[in-house]
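Only one structure is covered here, and it is reproduced in the block below.
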Amino acid sequence: MKAARHGRIGLVPTMGAFHEGHLSLMREARKDCQTLVVSLFVNPTQFAAGEDFSKYPRNELRDAEMADSVGVDVLFAPTTEEMYAGGLTTISVKGVSDRWEGAHRPGHFDGVATIVCKLFNIVEANFAIFGLKDLQQCAVIRRMVVDLNLPIEVRFAPTVREADGLAMSSRNVYLSPEDRVTATLLSRELRTCADSFSQGSLTAGEVERILKDGKSLLESAGFKVDYLNLVDTESLEPKTTPADGDSVIVAARIGPTRLIDNVQLSK
């Protein structure tokens, strides 16, 4: 990896199973570096017991071809043995990782922070780009970089969506045709909530009612909702009164597939 680097280095960390969302990050990074590195590593430490590590979609040859098509210089695809050669050190980013995904997937963000820090140290990039679909992950990485004084710039790019609004995700391949149709309701309801919050001053009770109605609508369509909340975009703390720049976040399961998404408030 170190021998392959030259000039200004950009990094796009991924777990593979590339789609247009990944490619958009690569294209954005390509504009600002001489060496574009894409890491491809399905990280076992960010999967909890009973999650989909063993069946997570993998197609390294297809991924390599897609990366090459957008000008990636290095596809860094280490083995688990290479990345975790007897190591027991983990990084835990307290506070911002405690709620939401952190509560529903214990240990997940420790795995994310540890592997991202390792990738930063191995690649030694000038900057790295992440997609905002995983909003809490972005907040955790931002906090880690600040707290550990890591010498890298982190950038965050907007969520890429299908034509019908569904956020692009490698896990979308799990959706049955029927569930795929229902899944579009997730982004629509997020937008409905965000539009309601952006109308003007709302009381805490009105905010609670909007979120409760949104959750009920999703559940009536067949979703099992883990959370639907208004949060501060950087701290992920829940909000009772909306402000410009806050986010509405959701995690819900339809059939066997768990989806996450978010929309930022804008006047």
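Values for this structure:
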| item | result |
| --- | --- |
| Every residue from segment 232-250 that is aliphatic (A, V, I, L, M) and either surrounded by 22 or more Cβ atoms within 10 Å (Cβ to Cβ) or in contact with a Gly (Cβ under 8 Å, 6 or more places away or on another chain) (or both) | Leu236, Val248, Ile249, Val250 |
| Any hit, segment 48-66, residues being part of a strand (DSSP E or B), crowded, with 16+ Cβ neighbours inside 10 Å and either free of Cβ contacts under 8 Å to residues at least 40 places away in the same chain or not assigned by TED's automatic domain parsing to the domain that holds Ile129 (or both) | no |
| Selection status of Ala85, hydrophobic (A, V, I, L, M, F, W, C), surrounded by fewer than 17 Cβ atoms within 10 Å (Cβ to Cβ) and under 18 Å from the mean Cα position of the chain (by Cα) | no |
| Test: Asp32 is surrounded by fewer than 18 Cβ atoms within 10 Å (Cβ to Cβ) and modelled with pLDDT under 95 | no |
| Flag for Gly205 being of a type outside the set (Lys, Arg) and modelled with pLDDT of 95 or more | yes |
| Residue check for Gly87: part of a helix (DSSP H, G or I), on the phi < 0 side of the Ramachandran plot and of a type in the set (Gly, Ala, Ser) | no |
| Strands (runs of 3 or more DSSP E) lying entirely in segment 174-267 (those with 3 or more residues that are more than 17 Å from the chain's Cα centre (by Cα) and outside the structural domain of Gly131 (by TED's automatic domain parsing)) | 224-231 |
| Failed item, numbered, when Val38 is tested on (1) under 20 Å from the mean Cα position of the chain (by Cα); (2) without any contact (Cβ under 8 Å) to a residue 24 or more places away in the chain | (2) |
| Some residue of segment 124-145 being among the basic types (Lys, Arg), part of a loop (DSSP other than H, G, I, E, B) and touching a helix residue (DSSP H, G or I) at 6+ places or on another chain (Cβ under 9 Å) | yes |
| Pair list, Cβ under 8 Å, 6 or more apart: segment 106-132 residue in the same structural domain as Gly10 (by TED's automatic domain parsing) and without any contact (Cβ under 8 Å) to a residue 60 or more places away in the chain, other residue among the hydroxyl-bearing types (Ser, Thr, Tyr) and surrounded by fewer than 21 Cβ atoms within 10 Å (Cβ to Cβ) | Ala113/Thr90; Ala113/Ser92 |
| Residue in segment 133-154 that is farthest from Ala183 (Cα to Cα), counting only those that are touching a residue at least 40 places away in the same chain (Cβ under 8 Å) and of a type outside the set (A, V, I, L, M) | Asp147 |
| Residue list for segment 156-166, filter: buried (at least 16 other Cβ atoms within 10 Å of the Cβ) and either under 20 Å from Glu234 (Cβ atoms) or of a type in the set (Val, Ile, Thr) (or both) | Phe156, Ala157, Thr159, Val160 |
| Search result, residues across segment 199-216 that are crowded, with 17+ Cβ neighbours inside 10 Å and more than 16 Å from Ala252 (Cα to Cα) | Leu202, Val207, Ile210 |
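The values are calculated or read from the model by the stated rules, or taken from the named source; none is laboratory data. Just so it is clear, the model here is predicted, and its values are computed rather than measured. Counting neighbours? That spans all protein chains shown, and the Cβs are built from the backbone with ideal geometry, glycine included.
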